[in-house]
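Where a number appears in this text, it was derived from the coordinates with a stated rule and is not lab data. Predicted model only: the values in this text are computed from it and were never measured. Counting neighbours? That spans all protein chains shown, and the Cβs are built from the backbone with ideal geometry, glycine included.
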Amino acid sequence: MAEITYDELRLATRNHGMPLEALRWPITPAGLHYLLVHYDIPSLEEHAWSLSISGAVAHGLELSLAEIRARPRHTVTTTMECAGNGRAQLTPRPLSQPWLVEAVGTAAWTGTQLRPVLEEAGLASDVRELVFMGHDRGIEGDVDQRYARSLPVDEAVGDDVVLAYEMNGSPLPPQHGFPLRLVVAGWYGMTNVKWLTSITAVSEPFTGYQQANAYRLRQDLDDPGTPLTRMLPRALMAPPGVPDFLTRRRFVPMGRHLLEGRAWSGWDHIELVEVSTDGGATWFPADLDEQPRRPWTWRRWSWVWDASEPGERVLQCRARDAAGHVQPVDPRWNAQGYANNAVQRVPVVVLDEDAGRDV
Ligand SMILES: Nc1nc2c(c(=O)[nH]1)N[C@H]1C(S)=C(S)[C@@H](COP(=O)(O)O)O[C@H]1N2
Ligand SMILES: [Mo]
């Protein structure tokens, strides 16, 4: 891999991935959940904040946090993954937050469903999209902007679209969107607008930067491309054994090892996870735990590996969802480095402990 730039390093130290050993938890503790913040984390105070719902609606609404909390509670447990996850493994590497595979986490988001709020506001019959705007402001692609994304109406009224004020049972931490964020279960991370301050009903497609320039699959920047929506399937493994501090290369003793991890897709439930211990020449179906109630909550898999010979191995895992999406072995390149769900590779050294080194 070409050396990362200073700008990428600075982004990588502000934002962080989920350490892969956290795949062992069904719900990712807040501090281990990945984090992606385009600009600065705003310091918002509950009493000085409100959510406005306006645009092509019969009744504009202005809701305080107390009013939102007084509405019926709804929790969605969803795996959330940044659309740029896997970007750093593309060649040439699109310059942005240089994710390897760790830009993921699963949290229980509690708030109130968006649909009844929209019903109360009364959407005009020609409304096509809802625009969700965050409080955070910055400059990107020479455009001074507040972070904003839109959703088509038929997606916005889905059961698992929530105005969330809690993460894993506690108020949202500042970095994850305090006091309120949008959560659209199953969609790539960028959809889940943090520090939400306004929702605007519009009858024309929204052309803001994060919609029309970013988060599109395209081969070059002149190509309008197609917008990213739901997460493609991915299986990840909690790397076995112990790591070397600097290289993160893994060391395991000879013998049997439980390989385990989780797999998810925003399209449908995971129906197959396969494991390879010989660099992809042969694949074995893993055991799958029960799929959680919703397809977009990751599903645990496990498989016992008998490491019978010393030497170097490459462990891999790959998932297929019930909609037929699979993971490619080699990354598929696109200009901004999105949706790279190529198969994870975990190099491991199997040690013959009788021959010396003890782990
Ligand atoms: N207001 C706002 N919302 C945002 C972002 C942001 O920078 N500002 N980043 C988006 C992106 S790209 C991702 S991947 C997710 C990350 O959510 P998390 O940091 O809670 O994991 O938030 C999304 N929502
Ligand atoms: Mo993201």
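Two decimals is fine: what's Rg over Rh for segment 263-359, C-alpha atoms, Kirkwood radius as Rh? Don't jump to the answer; show the numbers that get you there.
On the way: Rg = 16.0 Å, Rh = 15.2 Å.
Answer for segment 263-359: 1.06.
For segment 196-348, restrict the atom set to alpha-carbon positions and state the Rg and Dmax in Å.
For segment 196-348, the Cα-based Rg and Dmax read 19.1, 64 Å.
At q = 0.16, 0.27, 0.29 Å⁻¹, work out log10 I(q)/I(0) for segment 1-67 with the Debye formula, treating every Cα as an identical point scatterer and leaving solvent out; two decimals please.
Scattering profile of segment 1-67, log10 relative to I(0): -0.85, -1.12, -1.18.
Which whole-Hz couplings ³J(HN,Hα) result when phi for each residue of segment 97-106 is put into the Karplus expression 6.51 cos²θ - 1.76 cosθ + 1.60, θ = phi - 60°, listed in order with x for Gly and Pro?
3, x, 6, 8, 10, 8, 7, 8, x, 10
Could you grab the relative contact order for the chain? Cα pairs under 8 Å, six or more apart, rounded to a whole percent. Intermediate results must be reported in sequence, preceding the final value.
Details: 907 pairs, mean separation 63.0, N = 359.
Result for the chain is 18 percent.
Run the helix sum for the chain: -39,500 (n - 2.57) per DSSP H stretch of 4+ residues, divided by residue count, reported at 222 nm to the nearest 500 deg cm²/dmol.
Values: 5 runs with 30 residues, N = 359.
Mean residue ellipticity at 222 nm (helix-derived): -2000 deg cm²/dmol.
What does the highest-first list of 11-21, 245-255, 107-117 look like by mean Cβ count within 10 Å?
Values: 11-21: 16.5, 245-255: 13.5, 107-117: 20.2.
With the highest mean Cβ count within 10 Å placed first, the list reads 107-117, 11-21, 245-255.
Going highest first, how would you order 338-344, 62-68 by mean Cβ packing within 10 Å?
On the way: 338-344: 22.1, 62-68: 14.7.
Packing order, densest peptide first, comes out as 338-344, 62-68.
Where Rh denotes the Kirkwood radius from the mean inverse Cα pair distance, what is Rg over Rh for the chain?
Values: Rg = 21.5 Å, Rh = 21.5 Å.
Checking Rg against Rh, the ratio lands at 1.00.
Report the Cα centroid-to-centroid distance between segment 44-72 and segment 265-296 in angstrom, as an integer.
Using only Cα atoms, the two centres lie 41 Å from each other.
How big is D, in µm² s⁻¹, for segment 191-255 by Stokes-Einstein at 37 °C and 0.692 mPa s if Rh is the Kirkwood radius over C-alpha pairs?
Numbers: Rh = 16.8 Å.
Using the Kirkwood radius from Cα pairs, D works out to 195 µm²/s.
If you take the Cα Rg of segment 150-260 and divide it by 2.2 N^0.38 Å, with N the number of residues, what do you get?
On the way: Rg = 19.8 Å, N = 111, 2.2 N^0.38 = 13.2 Å.
Relative to the rule-of-thumb radius for its length, segment 150-260 sits at 1.51.
What relative contact order, as a whole-number percentage, does segment 105-206 give when Cα pairs under 8 Å and 6 or more residues apart are counted? Can you show the working numbers first?
Numbers: 201 pairs, mean separation 37.9, N = 102.
Averaging sequence separation for qualifying contacts and normalising by length gives 37 percent for segment 105-206.
Report, in debye and to the nearest 20, how large the dipole of segment 217-359 comes out about its Cα centre when Lys and Arg carry +1 and Asp and Glu carry -1 on their Cβ. Mind dumping the intermediate values first?
Details: 18 positive and 21 negative charges, 113 e Å.
Using only the charged Cβ atoms, the result is roughly 540 debye.
Name the residue farthest towards the positive end of the dipole of the chain from the options 72, 203, 233, assuming +1 on Cβ of Lys and Arg, -1 on Cβ of Asp and Glu, about the Cα centre.
Looking along the dipole axis, the top candidate is 72.
Over the alpha-carbon set of segment 1-154, work out the extent along each principal axis and list the three values in angstrom, largest first.
Over segment 1-154, Cα extents along the principal axes are 54, 40, 32 Å.
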